[in-house]
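J.: Dropping a structure here in structure tokens format, bear with me for questions.
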Amino acid sequence: MFESLSDRLGGVFDRLTKAGALSADDVKTALREVRVALLEADVSLPVARSFVKAVEAKATGAAVTKSVTPGQQVVKIVHDELIAVLTGEGDPGRLKIDNPPAPILMVGLQGGGKTTTTAKIAKRLKEREGKKVLMASLDTNRPAAMEQLAILGSQIGVDTLPIVKGEDPVQIAKRARTQASLGGYDVYMLDTAGRLHIDQELIAQAAAVRDAVNPRETLLVVDGLTGQVAVEVAQEFDERIGVSGVVLTRMDGDGRGGAALSMRQVTGKPIRFVATGEKVDALETFEPERIAGRILG
Ligand code: GDP
């Protein structure tokens with residue numbers, strides 16, 4: 001389907017001299033291919049441009065060691081730069097959940113995979129870290145969403161806060177906190193309402209919940225297939241609510257991981273997990289190496 005970057009560059013360099021250092025012209029030709037590969041991987045144009053600039057600075061004049069071809073050398077420089085941009089601070093899979101009960105706020109647009117991801121993370125905390133987790137849906141406009149979380153909870157053996165009609169999201173969040181304290185829970189996860197677009201009401205509601213519980217982590221869940229839109233959504237949520245980490249969903253799809261690079265370069269936020277399917281186990285800790293491999297092809 002895609003021609004890998006290594007193959008492309010191999011072809012380009014076969015036609016060029018095999019001198020001892022990469023010449024400016026060699027690098028220019030190679031970088032054209034790098035740019036195309038990034039765009040094919042769904043990296044946004046401005047991000048691809050600035051990434052290529054950074055690689056150009058590193059590649060020009062770089063010595064080509066005897067054991068590799070110039071193409072391999074450029075691929076290595078691109079690979080190392082990808083890892084540098086994709087890697088955030090700390091261990092992505094380790095959430096800040098000391099001082100129980102620790103609130104985790106889940107935010108994002110409707111349909112991005114927020115509710116499913118909430119259950120996936122709860123399951124992971126329970127099984128890998130032995131945590132006692134409580135989940136609560138704050139989506140008072142969509143009873144079906146509240147039901148969905150309850151069903152997922154019973155599937156994975158994680159408690160959900162009983163649904164009480166007529167409460168607003170802040171009241172539910174406070175009830176979750178009380179129940180989590182009384183019940184000896186380590187973590188309570190608040191699945192906020194999503195909308196199709198970011199609007200004032202959505203933001204005001206998420207901000208009110210944030211102020212009520214002071215979350216230890218605010219995780220933004222975005223559809224990784226939406227590329228540039230995912231990045232814009234992240235910027236907006238971060239400005240208005242404050243985001244501590246990002247989860248990219250639908251990474252089982254056709255996208256080649258470019259959204260991860262754009263997300264890191266534009267927002268600087270750490271990517272914590274990637275979701276790779278509808279099943280409750282389809283969640284992986286974000287690994288820069290794996291995404292870099294996907295982008296390079
Ligand atoms: P929410 O509206 O943000 O809470 O989204 P949901 O959690 O309800 O997910 C919307 C749809 O996307 C559901 O059908 C999920 O099964 C599906 N979904 C969620 N995450 C993934 C994923 O990583 N890959 C795929 N293929 N589907 C997903």
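J.: Rounded to two decimals, what ratio of Rg to Rh does the chain give with C-alpha atoms and a Kirkwood Rh?
T.: In the chain, Rg relative to Rh is 1.08.
J.: Between Glu239 and Gln72, take the C-beta separation as r, use R0 = 35 Å, and let me know the FRET efficiency to the nearest 0.05.
T.: 0.25
J.: Suppose R0 equals 35 Å. What FRET efficiency, 1/(1 + (r/R0)^6) with r the Cβ-Cβ distance, do Ile83 and Val36 give to the nearest 0.05?
T.: 0.95
J.: So which lysines pass the test for Lys269, namely a Cα distance under 23 Å, with those fewer than 8 places away in the same chain ruled out?
T.: Lys53, Lys96, Lys114, Lys120
J.: Another question, then. Which one of Ser137, Gly157, Leu125 has its Cα pushed farthest toward the positive end of the charge dipole of region 120-162, where Lys and Arg give +1 and Asp and Glu give -1 at the Cβ?
T.: The residue sitting farthest along the positive end of the dipole is Leu125.
J.: Say the dipole of the chain comes from +1 at the beta carbon of Lys and Arg and -1 at that of Asp and Glu; which of Ser262, Gln73, Phe286 then lies farthest toward its positive end?
T.: Looking along the dipole axis, the top candidate is Gln73.
J.: Can I ask one more? Taking all protein chains in place and a 1.4 Å probe, what share, in percent, of the accessible surface of the chain do carbon and sulfur account for?
T.: Result for the chain: 50 percent of the exposed heavy-atom area is carbon or sulfur.
J.: For region 102-244, with only Lys/Arg (+1) and Asp/Glu (-1) charged at the beta-carbon, what is the dipole magnitude about the Cα centre, in debye rounded to 20?
T.: 580
J.: For a paramagnetic label modelled at 7 Å from the Cα of Ala144 toward its Cβ, which residues of region 254-283 fall within the zone defined by backbone nitrogen distances under 19 Å?
T.: 278-279
J.: Once you place label points 7 Å from the Cα toward the Cβ at Lys96 and Asp199, how far apart are they in nm?
T.: Result for the modelled spin labels: 3.2 nm.
J.: Assigning unit charges at the beta carbon (Lys, Arg +1; Asp, Glu -1) and nothing else, what dipole magnitude in debye, to the nearest 20, does region 188-297 show about its Cα centre?
T.: Roughly 240 debye for region 188-297.
J.: Given charges of +1 on the Cβ of Lys and Arg and -1 on the Cβ of Asp and Glu, with all other atoms neutral, how large is the dipole of the chain about its Cα centre, in debye to the nearest 20?
T.: I would put it at about 400 debye.
J.: Further question: Once the dipole of the chain is set up with Lys and Arg at +1 and Asp and Glu at -1 on Cβ about the Cα centre, which of Gly111, Gln235, Ala204 lies farthest towards its positive end?
T.: Gln235
J.: Which is the longest part of the chain that has none of the GluC sites (Glu not before Pro) sitting in a DSSP loop with at most 12 other Cβ atoms within 10 Å?
T.: Counting at most 12 other Cβ atoms within 10 Å as exposed, the longest clean stretch of the chain is 90-277.
The values are calculated or read from the model by the stated rules, or taken from the named source; none is laboratory data. As the structure is a prediction and not an experimental result, all values here were calculated from the model. Cβ atoms come from the backbone with ideal geometry, glycine included; neighbour counts cover every protein chain shown. Accessible surface areas use protein heavy atoms only, side chains included; no ligands, DNA or RNA. Shrake-Rupley method; radii C 1.70, N 1.55, O 1.52, S 1.80 Å.
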